[in-house]
Amino acid sequence: MSKLPITEADLHAYVDAVLPDDRRAEVEDFLAAQPEEASRLFAYQAQKDALRQLFNPVLDESLPAELLELAEKPIVPAMEAMATPAVDMKRRPFLSRWSMQRIAASFAIALLSGLAGWLGHGQYQATERMAQMTPLARQAAVAHVVYSPDIKRPVEVTADQEDQLVKWLTKRLGTPVSPPKLGTLGYELIGGRLLPGNAGPVAQFMYHDSSGQRLTLYVSTEQTVSRDTGFRFAREGAVNVFYWVDGKFGYALSAGIDKGELARVATAVYDQLENK
Amino acid sequence: MDSRTILAELPRLRRYARAMVGDRAVADDLVQDTLERGWLRLAQWRPGSDLRAWLFGIMHNLRVDQLRCQGPNTQPLGEAESEAPMRATQSDRLEVNDLAAALARLPEEQRAVLLLVALEEMSYEQIASTLGIPLGTVMSRLSRGRERLRLMLDGHHPVAHLRVVR
């Protein structure tokens, strides 16, 4: 059996655990016979671990408001074509292209608000249309408004019986459901409840922070449009809602807190669900 | 590319930027510039392709532009400086600072590859396409960067007590 010589690239691939099994075994044999090389690779592995230890905490920092703002799509797609040729980047106008887009966006918003106002007299139909367009966000917001002010009985099963809550909701929804942990963001689980959705049960988890501010996560498993949506934002009265669809799951996070703070929590929830 | 996917990438972009430039505010500015350019060039992004790699690529190009503009001040220190003595360490805290300091002394292009491997866990091929360099160049930068970092840290403080986790 002739073996290919072990290369420097093999050694790095070994550190990064991307070698196929048989080649890895060959590298291990090589290292057993070459203690100096082994200690060099050992140091590389240690570097890698140390770099993660040093920089991973950045992942848990709350996101600066400017960045959250920029994560929002800056312009309405239809406006893009209009905004783009308006400014020549190379000539560095006194307004940056970015601010031009912002201005374009605010025009678009003004235009839309005007349109909304004009539609105002047909308010009932508009509301109806809204409900059809964003049933998830709307249902979640209504559920939030109904249950979160309840002092005595905000939830059916409290957080001290979290195991039972998870078991129960998992059984009723027919799919594993569990509340994300938001303690690091200052939100503790109060508990959860089962609610009627469009065609069956949905779950609601409720959290609160030290000031008593409540936040609810609405979890539906009846999303039939199999297309995943982006992070969407909706406002229903005083309640802000971030919602998204992931396969059959629809998630909506509602609270009467400002959009930036809610986005921060929503990101954490999304990450936890993503890494489940 | 939409708000949700962007939001999901933000923490990673920030971590990489912080590791690349060190300073928090400068790093966040870099992320901000990346997002702005990302939205402006949205049309160039192929839906379905790897958004993260695309954004990291944009950040990389911005960084290259920045360094080009800034001139010699921020040029990565050369071979000779990497031998410069570093202060002795007394505690873990200082040791962490030493790693940051040693990282900052690596040439920019080696640091980028090292961090994309260590933090982003990108494959060598992904790194090649993100940075727009051949695979062989990725490997040689990784090899040189790791060795240089090892020598810098080894100079006064063995790292062998860190456990290898595989």
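Within segment A:241-272, can you find the residues that are of a type in the set (A, V, I, L, M, F, W, C) and either more than 11 Å from the chain's Cα centre (by Cα) or more than 19 Å from A:ALA143 (Cβ to Cβ) (or both)?
Residues satisfying the conditions are A:VAL241, A:PHE249, A:ALA255, A:ILE257, A:ALA263, A:ALA268.
Yes/no matrix, rows are residues, columns are (1) without any contact (Cβ under 8 Å) to a residue 12 or more places away in the chain; (2) in contact with a helix residue (DSSP H, G or I) (Cβ under 7 Å, 6 or more places away or on another chain):
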residue: A:ALA32; (1), (2): yes, no
residue: A:SER39; (1), (2): yes, no
residue: A:ALA46; (1), (2): yes, no
residue: A:VAL58; (1), (2): yes, yes
residue: A:LEU68; (1), (2): no, yes
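When segment A:223-248 is examined, which residues are found to be in contact with a helix residue (DSSP H, G or I) (Cβ under 8 Å, 6 or more places away or on another chain) and away from chain B (no Cβ under 11 Å)?
Across segment A:223-248, the qualifying residues are A:GLN223, A:ALA234, A:GLU236, A:GLY237, A:VAL239, A:ASN240, A:VAL241.
Examine segment B:74-91 for a residue that is surrounded by 12 or more Cβ atoms within 10 Å (Cβ to Cβ), farther than 25 Å from A:GLU261 by Cβ and modelled with pLDDT of 80 or more, and state whether such a residue exists.
Scanning segment B:74-91 turns up no residue that is surrounded by 12 or more Cβ atoms within 10 Å (Cβ to Cβ), farther than 25 Å from A:GLU261 by Cβ and modelled with pLDDT of 80 or more.
Of all residues in segment B:10-28, which are more than 9 Å from chain A (Cβ to nearest Cβ), more than 12 Å from the chain's Cα centre (by Cα) and assigned to a helix (DSSP H, G or I)?
B:ALA25, B:VAL26
Might you let me know whether segment A:189-208 holds any residue that is in contact with a Ser or Thr (Cβ under 7 Å, 6 or more places away or on another chain) and surrounded by fewer than 16 Cβ atoms within 10 Å (Cβ to Cβ)?
Looking for residues that are in contact with a Ser or Thr (Cβ under 7 Å, 6 or more places away or on another chain) and surrounded by fewer than 16 Cβ atoms within 10 Å (Cβ to Cβ), one finds none in segment A:189-208, hence no.
A:GLY174 - would you say it is outside the structural domain of A:ALA71 (by TED's automatic domain parsing), loosely packed, with under 14 Cβ neighbours inside 10 Å and in contact (Cβ under 8 Å) with a residue 24 or more places away in the chain?
It is true that A:GLY174 is outside the structural domain of A:ALA71 (by TED's automatic domain parsing), loosely packed, with under 14 Cβ neighbours inside 10 Å and in contact (Cβ under 8 Å) with a residue 24 or more places away in the chain.
Which of the residues spanning segment A:1-59 are of a type in the set (A, V, I, L, M, F, W, C) and surrounded by fewer than 12 Cβ atoms within 10 Å (Cβ to Cβ)?
A:MET1, A:LEU4, A:ALA17, A:ALA25, A:ALA32, A:ALA33
Looking at B:LEU40, is it at pLDDT 90 or above, of a type outside the set (Val, Ile, Thr) and out of contact with any Phe, Trp or Tyr (no Cβ under 7 Å at 6 or more places or on another chain)?
Here the answer is no, as B:LEU40 does not meet what is asked.
Quick check: is even one residue across segment B:44-55 part of a helix (DSSP H, G or I) and of a type in the set (Ser, Thr, Tyr)?
no
The values are calculated or read from the model by the stated rules, or taken from the named source; none is laboratory data. For clarity, every value in this text was computed on a predicted model and none was experimentally measured. Every residue, glycine among them, receives a Cβ derived from its backbone with ideal geometry; neighbour counts consider all protein chains shown.
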